[in-house]
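A.B. asks: Structure in structure tokens, see below.
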Amino acid sequence: MTTPSLPQCGNALIDDGHRRLMAALASLGEIATHPQNRAETLVGLKGFLDLLRDHFGIEEIIMRSVSHAGAERHARIHTRLIDTLGEQVDRLAFGAAFPATEVVARITDMLIEHELVTDSEYWTSLDAAERPDLPHPAPRPWDRSLDTGNARIDSHHRALSRLATRFHRLDGRTDTSHLADLLHGLNTLTRLHFRTEETLWPESDPHHALAHSRFLETLDHAGRRLLEGEMSPSAFARDVLDHWLDDHIRADDQPRFRVLVP
Ligand SMILES: [Fe+2]
Ligand SMILES: [Fe+2]
Ligand SMILES: [Fe+2]
Ligand SMILES: [Fe+2]
């Protein structure tokens, strides 16, 4: 299993924590594939939870120190996530029949969603506090007319829009490693988001799924042009991401997910 990487937020300690967490999950995924390793997987999962608690603690300190407005809410989300993951591990420890690989895969999905959606909320506070030398294009305020009313879908759309804003920072940089990381994060979040939408929508919906898979092809193609230096990061954000997201949300997502709002 390859270790999924997350886009770097720029704070060395947080970025290092994300790298360690993803590496720990990737190696747990390997161990869990052998049913005879159930006990070892369980020990590894408990170790992973300790690592995660440490990471969340550090993140909360840093968010408060850069006066991130959402720090307290974010800390509550951490507590809930630790509780939920702890329950999953406990159920496995008490002999639940499902395979350990399932638990590791579920934890990996939950963590990726947290790091890409919720963590991206504090990036701008970090940028302003830690790198005042860099030009920081203020993120465009989210256009509320793009809300669908479904909290999970909207949180994904907002995170995708924050990721788009992030590309502007990389214009003119010759080192492509940050660009590759960000692109990888965008791909991961986009796929997770499409999967979520396709699962939430209860009926077979080939038109919507086709629109998603066409966009993934566009993203692959444009991503290659970006890494080859044929397209600037800000052009990629504006011409590929912004326009597609705006059009797709209005034309495809809102008509579907608005009706699911209680
Ligand atoms: Fe994090
Ligand atoms: Fe977090
Ligand atoms: Fe969609
Ligand atoms: Fe969507």
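A.B. asks: Which is within 16 Å of ligand 2 (Cβ to nearest atom) and in contact (Cβ under 8 Å) with a residue 60 or more places away in the chain, of Thr108, Thr118?
C.D. replies: That would be Thr108, the only listed residue that is within 16 Å of ligand 2 (Cβ to nearest atom) and in contact (Cβ under 8 Å) with a residue 60 or more places away in the chain.
A.B. asks: Within segment 28-45, can one find any residue that is within 19 Å of Trp123 (Cβ to Cβ) and either of a type outside the set (Lys, Arg) or assigned by TED's automatic domain parsing to the domain that holds Val66 (or both)? Give the steps one after another, and end with the answer.
C.D. replies: Of segment 28-45, the ones within 19 Å of Trp123 (Cβ to Cβ) are none.
For segment 28-45, residues within 19 Å of Trp123 (Cβ to Cβ) and either of a type outside the set (Lys, Arg) or assigned by TED's automatic domain parsing to the domain that holds Val66 (or both): absent.
A.B. asks: Further question on the same structure: Looking at (1) within 11 Å of ligand 3 (Cβ to nearest atom); (2) touching a Pro at 6+ places or on another chain (Cβ under 8 Å), which one does Phe194 not meet, given that it meets all the others?
C.D. replies: (2)
A.B. asks: Among the listed residues Leu200, Leu163, identify the single one that is under 19 Å from the mean Cα position of the chain (by Cα), assigned by TED's automatic domain parsing to the domain that holds Phe236 and under 16 Å from Glu115 (Cα atoms).
C.D. replies: Leu163
A.B. asks: Any idea which of (1) within 16 Å of ligand 4 (Cβ to nearest atom); (2) modelled with pLDDT under 85; (3) charged (D, E, K, R) is the one Glu198 doesn't satisfy?
C.D. replies: If we test Glu198 against (1) within 16 Å of ligand 4 (Cβ to nearest atom); (2) modelled with pLDDT under 85; (3) charged (D, E, K, R), just (2) comes out false.
A.B. asks: Here is a further query. Counting just the residues of segment 157-211 that are outside any helix (DSSP H, G or I) and among the acidic types (Asp, Glu), which one comes out farthest from ligand 1 (Cβ to nearest atom)? So that I can check it myself, show each step before the final result.
C.D. replies: Pass one, segment 157-211, residues outside any helix (DSSP H, G or I): 171-176, 201-205.
Pick out the ones that are also among the acidic types (Asp, Glu) and you get 171, 175, 203, 205.
Working: Asp171: 26, Asp175: 23, Glu203: 35, Asp205: 33 Å.
It comes out as Glu203.
A.B. asks: Has segment 166-178 got any residue that is modelled with pLDDT of 90 or more and more than 16 Å from ligand 2 (Cβ to nearest atom)?
C.D. replies: Within segment 166-178 (the criterion being modelled with pLDDT of 90 or more and more than 16 Å from ligand 2 (Cβ to nearest atom)), the answer is no, since none of the residues qualifies.
A.B. asks: Restricting attention to segment 243-253, does a residue exist that is modelled with pLDDT of 90 or more and not in a helix (DSSP H, G or I)?
C.D. replies: Looking through segment 243-253, none of the residues is modelled with pLDDT of 90 or more and not in a helix (DSSP H, G or I).
A.B. asks: Now for a separate question. Considering only residues that are surrounded by 14 or more Cβ atoms within 10 Å (Cβ to Cβ) and either of a type outside the set (A, V, I, L, M, F, W, C) or not in a helix (DSSP H, G or I) (or both), which ones fall in segment 34-45?
C.D. replies: Asn37, Arg38, Glu40, Thr41, Gly44
A.B. asks: Residues in segment 59-93 that are over 18 Å from Ile112 (Cα atoms), of a type in the set (A, V, I, L, M) and touching a residue at least 40 places away in the same chain (Cβ under 8 Å): how many?
C.D. replies: Residues that pass the stated criteria total 7.
A.B. asks: Another question, then. Within segment 211-262, take every residue that is among the small types (Gly, Ala, Ser) and over 27 Å from Arg169 (Cβ atoms) and give me the one that is farthest from ligand 4 (Cβ to nearest atom).
C.D. replies: The residue in question is Ser213.
A.B. asks: Among Arg64, Arg80, Arg53, Arg76, which is part of a helix (DSSP H, G or I), among the charged types (D, E, K, R) and under 17 Å from Ser125 (Cβ atoms)? Let's see the steps before the verdict.
C.D. replies: Values: Arg80 fails: under 17 Å from Ser125 (Cβ atoms); Arg53 fails: under 17 Å from Ser125 (Cβ atoms); Arg76 fails: under 17 Å from Ser125 (Cβ atoms).
Arg64 is the lone residue from the list that is part of a helix (DSSP H, G or I), among the charged types (D, E, K, R) and under 17 Å from Ser125 (Cβ atoms).
The values are calculated or read from the model by the stated rules, or taken from the named source; none is laboratory data. Just so it is clear, the model here is predicted, and its values are computed rather than measured. Glycine also receives a Cβ, built like all others from the backbone with ideal geometry; neighbour counts cover every protein chain displayed.
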